[in-house]
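Data block below; observations after.
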Amino acid sequence: MKRLILIVAACLLALASHASTVHTPLSFLDGWVRAAPSVAKVMAGYGRLTNATSEPLRIDSLSSPAFERVELHEMSMNGGVMKMRRRDPITLEPNQELPLEPGGWHLMLIGPKTPQPAGQLVEIEITTDQGVYVFSLPVREPKP
Ligand SMILES: [Cu+2]
């Protein structure tokens, strides 16, 4: 009985430490995908992409089971013209937080395999030099 209690305690400890682990090498906070008409050929994803380590972290590629392709884009104004540029692969500096937001950097979700209505969760897989990380982003309207 004592042994069983020890095992349970160990499991609880493991759970507790897992829950408090915010230091996964790559984190994606406040992620969301902007709702779009069901005929849209592309959608955009936002949030805060963070390298939580003290080493550079290279993002090699992105993908999603729900889209043909996923790219990391930077949008910028150039002589009064909005330009969009692909930026992956990219290296995040130690502790760098890259904000993805409307009008700036974003995930470009290209070719939805099925319509992705508001409320849907979109899975994004990010392959880095330290492993593959999967994030679940809700589809929603922008907050006013
Ligand atoms: Cu784009």
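The values are calculated or read from the model by the stated rules, or taken from the named source; none is laboratory data. Owing to the predicted nature of the structure, the values given are computational and were not obtained by experimental measurement. Because the Cβ atoms are built from the backbone with ideal geometry, glycine has one as well, and the counts that use them run over all protein chains shown.
For the subset of the range 107-143 comprising residues that are more than 14 Å from Glu71 (Cα to Cα) and of a type in the set (S, T, N, Q), which member is modelled with the lowest pLDDT?
Selected residue: Gln130.
What number goes with the only condition from (1) within 20 Å of Pro142 (Cβ to Cβ); (2) within 15 Å of the ligand (Cβ to nearest atom) that Asp30 does not pass?
All conditions are met except number (2).
Look at the range 124-144 and say how many of its residues are under 15 Å from Leu26 (Cβ atoms) and surrounded by 13 or more Cβ atoms within 10 Å (Cβ to Cβ).
Let us first name the residues in the range 124-144 that are under 15 Å from Leu26 (Cβ atoms), namely 124-137.
Applying the additional criterion that residues be surrounded by 13 or more Cβ atoms within 10 Å (Cβ to Cβ) yields 124-130, 133, 135, 137.
Of the residues in that region, 10 qualify.
Testing Ala36 on (1) assigned to a strand (DSSP E or B); (2) within 13 Å of the ligand (Cβ to nearest atom), one condition comes back false. Which one is that?
(1)
Tell me, please, whether a residue that is more than 21 Å from Glu97 (Cβ to Cβ) and either in a strand (DSSP E or B) or not basic (Lys, Arg) (or both) can be found in the range 19-31. Give the derivation first.
The first filter runs over the range 19-31 and keeps only residues more than 21 Å from Glu97 (Cβ to Cβ), leaving 19.
With either in a strand (DSSP E or B) or not basic (Lys, Arg) (or both) added as a condition, the list becomes 19.
Yes, the range 19-31 contains a residue that is more than 21 Å from Glu97 (Cβ to Cβ) and either in a strand (DSSP E or B) or not basic (Lys, Arg) (or both).
Any idea which residue in the range 97-123 is farthest from the ligand (Cβ to nearest atom), counting only those that are among the β-branched types (Val, Ile, Thr) and surrounded by 13 or more Cβ atoms within 10 Å (Cβ to Cβ)?
If we take residues in the range 97-123 being among the β-branched types (Val, Ile, Thr) and surrounded by 13 or more Cβ atoms within 10 Å (Cβ to Cβ), then Val122 is farthest from the ligand (Cβ to nearest atom).
Within the range 36-55, is even one residue crowded, with 17+ Cβ neighbours inside 10 Å and of a type in the set (S, T, N, Q)?
Checking the range 36-55: at least one residue is crowded, with 17+ Cβ neighbours inside 10 Å and of a type in the set (S, T, N, Q).
Under 8 Å between Cβ atoms, at least 6 apart or on separate chains: pull out the pairs that start in the range 72-96 with a residue that is within 14 Å of the ligand (Cβ to nearest atom) and end on any residue that is acidic (Asp, Glu) and in a loop (DSSP other than H, G, I, E, B).
Leu72/Asp88
When the residues of the range 56-71 are filtered to those that are part of a strand (DSSP E or B) and either charged (D, E, K, R) or exposed (fewer than 15 other Cβ atoms within 10 Å of the Cβ) (or both), which remaining residue is farthest from the ligand (Cβ to nearest atom)? First the steps, then the outcome.
Applying the first criterion (part of a strand (DSSP E or B)) to the range 56-71 yields 57-63, 67-71.
Filter again for either charged (D, E, K, R) or exposed (fewer than 15 other Cβ atoms within 10 Å of the Cβ) (or both), leaving 58, 60, 68-69, 71.
Details: Arg58: 21, Asp60: 19, Glu68: 14, Arg69: 11, Glu71: 7 Å.
Top of the filtered list is Arg58.
Among (1) closer than 19 Å to Ile126 by Cβ; (2) in contact (Cβ under 8 Å) with a residue 24 or more places away in the chain; (3) in contact with a Lys or Arg (Cβ under 8 Å, 6 or more places away or on another chain), which single condition is His106 missing?
His106 satisfies every listed condition except (3).
Name the pairs whose Cβ atoms lie under 6 Å apart, with the first residue in the range 27-45 and over 15 Å from Ala66 (Cα atoms) and in contact (Cβ under 8 Å) with a residue 60 or more places away in the chain, the second more than 13 Å from the ligand (Cβ to nearest atom) and not hydrophobic (A, V, I, L, M, F, W, C), and 6 or more positions between them or separate chains?
From the range 27-45, the pairs are Phe28/Gly47; Gly31/Gly47.
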